[in-house]
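Please read the structure below before turning to the comments.
The values are calculated or read from the model by the stated rules, or taken from the named source; none is laboratory data. None of the values given here were measured: they were computed from a predicted structure. Positions of Cβ are generated from backbone atoms using ideal geometry, with glycine treated the same way; all protein chains shown enter the neighbour counts. Heavy atoms of the whole protein, side chains included, go into the accessibility calculation; ligands, DNA and RNA do not. Shrake-Rupley method; radii C 1.70, N 1.55, O 1.52, S 1.80 Å.
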Amino acid sequence: MKPRYGAGSTLTQLCWSRAEYVAAVERCQSTSPPTAAIVQPYVPGRAISIAALIPDPLEAGLSCFPVAEQRLLDDGSFGYVGGLIPAFDVPVASIEETVARCAAAIPGLRGYVGFDLLLPSLSPESPILVEINPRLTTSYVAYRRLAVGRLTQYWLDQQRLPPEIWNDGPLSFTADGVVRTSVPPEN
């Protein structure tokens, strides 16, 4: 269960029993104003994200950034604790194809857009879109450090990103935007 409108996994809860479900509903109802929630099936897998620059017109071709590994708490709350760029061993072509299909399906989606996806354990080559963030995302702090030059210039000029813009990583970052050049172990 998760809020219909929310960020950072706030009030998100994996419910294995009716009691956990009832408690999650009560938490949503106790907020002011009460939080509308949705229930979705749990799909085991790997949380990733990717940003893209989507031009106007879209036919000019979007530019995908490197795929980021999302680091989430494993206590059932899916709390976001940061990420790693680039993610290793991911089906980049499938992820970029999913992003391109989403961009084409949503009229007016332009500029810097973040996409949160899940690579299902049983079929990681078939990414599942979790949400779209039509704004800067936390991973931008690491993208900015990995980029040669100013990312904002490409964004403002609606230019495609050249492949050579990215330095080698990896870089890890925390949920509050602290970037590290060394990679801490996973949670």
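The table that follows gives values for the structure above.
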read-out: Spans of strands (runs of 3 or more DSSP E) in region 84-184 with at least 3 residues open to solvent by 30 Å² or more (accessible area, probe 1.4 Å); value: 128-133
read-out: Test result for Ala23, open to solvent by 10 Å² or more (accessible area, probe 1.4 Å), at pLDDT 90 or above and in a loop (DSSP other than H, G, I, E, B); value: no
read-out: Qualifying residue in region 67-77 (condition: open to solvent by 30 Å² or more (accessible area, probe 1.4 Å), more than 19 Å from the chain's Cα centre (by Cα) and hydrophobic (A, V, I, L, M, F, W, C)); value: no
read-out: Candidate set: region 29-66, residues that are buried (at least 20 other Cβ atoms within 10 Å of the Cβ) and β-branched (Val, Ile, Thr); chosen: the one nearest to Glu125 (Cα to Cα); value: Ile48
read-out: Candidate set: region 1-12, residues that are closer than 15 Å to Ala36 by Cβ and touching a Lys or Arg at 6+ places or on another chain (Cβ under 8 Å); chosen: the one surrounded by the most Cβ atoms within 10 Å (Cβ to Cβ); value: Thr12
read-out: Those residues of region 42-70 which are in contact (Cβ under 8 Å) with a residue 40 or more places away in the chain and of a type in the set (D, E, K, R), in sequence order; value: Arg46, Asp56
read-out: Criterion: touching a helix residue (DSSP H, G or I) at 6+ places or on another chain (Cβ under 8 Å) and either touching a residue at least 24 places away in the same chain (Cβ under 8 Å) or not aromatic (Phe, Trp, Tyr) (or both) - qualifying residue of Leu122, Leu109, Leu118; value: Leu109
